[in-house]
Amino acid sequence: MEKKGLPLGGVIPKGGTAHDYSTGGWRKLRPVIDKDKCTNCLICWVMCPDSAVIAEDGKMIGFDLDHCKGCGICAVECPDKVKAIKMVEEAE
Amino acid sequence: MATLKELSKQQELLSGGHRLCSGCGIPPIVRLILRAANGPVVATTATGCLEVGTTIYPYTAWRIPWIHSAFENAAATISGIESAYRSLKKQGKLPGGDKDIKFVAFGGDGGTYDIGIQALSGALERGHNFLYVCYDNGAYMNTGIQRSSATPMLSNTTTSPAGKVIPGKQQWRKDLTRIVAAHNIPYAAQASPHNWADLSKKAEKAMKVNGPAFMNVMSPCPLGWYTKPEDSIKLAKLSVDTCYWPLYEIEDGVLKITYKPKEKKPLAEWLKPQGRFKHLFKPENANLLEEFQKRIDMEWQRLLDLDGKRL
């Protein structure tokens, strides 16, 4: 956003601009999905605080690593019988 | 009620890239509430984590019209917006015709139980058509974990520090859901994000009623609870299974418990993983833990006695 010509009153004219801001750098652990195990129950999708689980046509297709902060809620909440998500060190 | 598959096909109205903490309990609540509107929705938030974290200028995570005014007046702000909408609609001046718009105010426990309660009470009494959602994480987390009237008894906060003088907060928390219900509004409920289906169902009901609706939602806070970010949803579930945070609704004056744990877990199971209750597990404080459990048992029994009854 340009410095000059900002709208008055702290208005942000376009919604969802936080999408342009990366919070992926906060991450220490990265979620990795095993799609062979995943049942597309979408629990990870609904519980993600960072809207960083990508669902398409009702299926979990991966993570938005630009925004995932690596909290690990998805891995913990993935049902016990499935456990398709594990957290790995970012360096791996 | 929509399934997760159906919900996932709706547009995401809260984008990633917001600056709420890793493992924060608030965004899953907001995402579910906004989806329950299932159409145009306008929101306001009281000053607090959600407001600060989602709208660091020049960024906003909201993909809907959203406004922040002040700490104390989220309910008054949404009242004004809703009144303007009704007036313009009546005059035929509403751009886009007479589409049905939902109005939601979000506030933390500080902005709702304490600072915003006057505005909230006023808006409820005036009968505006809106939903107020309180995300209750049990302290002023945004400013550094000061106690609020929602803080659980014996919790360690920076303004009720557990030490030699006191063992954490001395007072029992305010029962805001019952205070709100005493305004005789059409719908009030308590929910928790771990039970997304229950939360969604309540949000849908709350959006449908004609008049004010209120939801008090448990919101785990890794920062202020001194817990691991990955455990947030698990802790929300424990708060319900230990009956610290019962899930119930009050619809047209009739109270209904929407979830009864098959086996009521000991309160210690919820307290133990939280650093803010660490001192309660010292041998000399065993009596405090017992006292806390007794009070929870009493509150739960009181609720059971009211189940299915008209208040």
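The values are calculated or read from the model by the stated rules, or taken from the named source; none is laboratory data. From a predicted model like this one, the values you see are computed outputs, not experimental measurements. Positions of Cβ are generated from backbone atoms using ideal geometry, with glycine treated the same way; all protein chains shown enter the neighbour counts. Please note that ligands, DNA and RNA were not included when accessible areas were found on the heavy atoms of the full protein model with its side chains. Shrake-Rupley method; radii C 1.70, N 1.55, O 1.52, S 1.80 Å.
Observations
- Threshold 40 Å², the stretch A:58-92 residues less accessible with all protein chains present than alone (1.4 Å probe): A:Gly58, A:Lys69, A:Cys71, A:Ile73, A:Val76, A:Glu77
- Over 27 Å (Cα to Cα) - which of B:Lys174/B:Lys278; A:Lys14/B:Lys201; B:Lys90/B:Lys309; B:Lys205/B:Lys309; A:Lys37/B:Lys234 fall in this group: A:Lys14/B:Lys201; B:Lys90/B:Lys309
- Gyration tensor verdict on the stretch B:220-311 (Cα atoms; rounded if a/c is under 1.5, prolate if a/b is larger than b/c, oblate otherwise): oblate
- Where only alpha carbons of the stretch B:27-84 are counted, the Rg and the Dmax (Å): 11.4, 30
- Antiparallel DSSP beta bridges within chain B, as percent of all bridges there, nearest 5: 35 percent
- 1.4 Å probe, heavy atoms, protein only - residues of the stretch B:43-63 losing at least 50 Å² accessible area vs chain alone: B:Tyr57, B:Pro58, B:Tyr59, B:Thr60
- Take the Cα of B:Lys309, step 7 Å toward its Cβ, do the same at B:Ala182, and the gap between the two points is 1.7 nm.
- Interface area, B with A, accessible, probe 1.4 Å, both sides summed, Å² nearest 100: 3000 Å²
- For the stretch B:242-311, applying the loop criterion from DSSP together with a ceiling of 14 other beta carbons within 10 Å to the GluC sites (Glu not before Pro) yields B:Glu263.
- At R0 = 25 Å, FRET efficiency that the Cβ-Cβ distance of B:Glu299 and B:Glu125 yields, to 0.05: 0.40
- Per residue, in Å², the accessible surface of the stretch B:82-141 once ligands and nucleic acids are set aside, probe 1.4 Å: 40 Å²
- FRET E, pair A:Glu90, B:Lys89, Förster distance 35 Å, beta-carbon r, rounded to 0.05: 0.10
- Within chain B, the longest segment free of exposed loop sites, counting trypsin sites (Lys or Arg not before Pro) that fall outside DSSP classes H, G, I, E and B and have at most 13 other Cβ atoms within 10 Å, spans B:165-261.
- Compactness relative to 2.2 N^0.38 Å, alpha carbon Rg of the stretch B:81-122: 1.57
- Computed from Cα atoms, the angle from the helix B:196-208 axis to the main principal axis of chain B rounds to 40 degrees.
- Estimated D of chain B in µm² per second, where Rh is the Kirkwood radius over Cα pairs and Stokes-Einstein applies at 37 °C, 0.692 mPa s: 166 µm²/s
- Kirkwood hydrodynamic radius (C-alpha pairs) into Stokes-Einstein, the stretch B:75-159, 25 °C and 0.890 mPa s, D in µm²/s: 169 µm²/s
- Of the accessible area of chain A, computed with a 1.4 Å probe over protein heavy atoms only, carbon and sulfur atoms account for 53 percent.
- Using a Gaussian network model of chain A in which every pair of alpha carbons under 10 angstrom is joined by a spring, one finds that among A:Val32, A:Val11, A:Val53 the greatest mean-square fluctuation is at A:Val11.
- Only beta bridges with both residues in the protein assembly as shown are counted; by DSSP, about 50 percent of them are antiparallel.
- Surface share of carbon and sulfur [accessible, 1.4 angstrom probe, percent] for the stretch B:188-281: 53 percent
- Mean residue ellipticity (222 nm) of chain B, computed from DSSP H runs ≥ 4 via -39,500 (n - 2.57), nearest 500: -10500 deg cm²/dmol
- Summed residue charge, Cβ within 12 Å of A:Val82's Cβ, Lys/Arg positive, Asp/Glu negative: +1
- When the inverse distances between all different Cα atoms of the stretch B:1-115 are averaged and flipped, the Kirkwood radius reads 15.2 angstrom.
- Between the stretch B:233-269 and the stretch B:157-232, the Cα center-to-center distance that results, in Å: 11 Å
- Per-residue average of Cβ from other chains inside 10 Å of B:22-34: 4
- Nearest 10 degrees, 0 to 90: helix B:74-91 Cα axis against chain B principal axis: 20 degrees
- Orientation-averaged projected area, Cα convex hull of chain A (nm²): 7.8 nm²
- Percent carbon-and-sulfur accessible area, the stretch B:26-179, ignoring ligands, DNA and RNA, probe 1.4 Å: 55 percent
- When the P(r) is computed for the protein assembly as shown, the part past 32 Å accounts for 34% of the Cα-Cα pairs.
- Solvent-accessible surface of the stretch B:1-78, taken per residue with a 1.4 Å probe and all protein chains present: 32 Å².
- Counting 0.36 nm for each residue step from B:Tyr57 to B:Lys262 and taking away their Cα separation leaves a gain of 69.1 nm.
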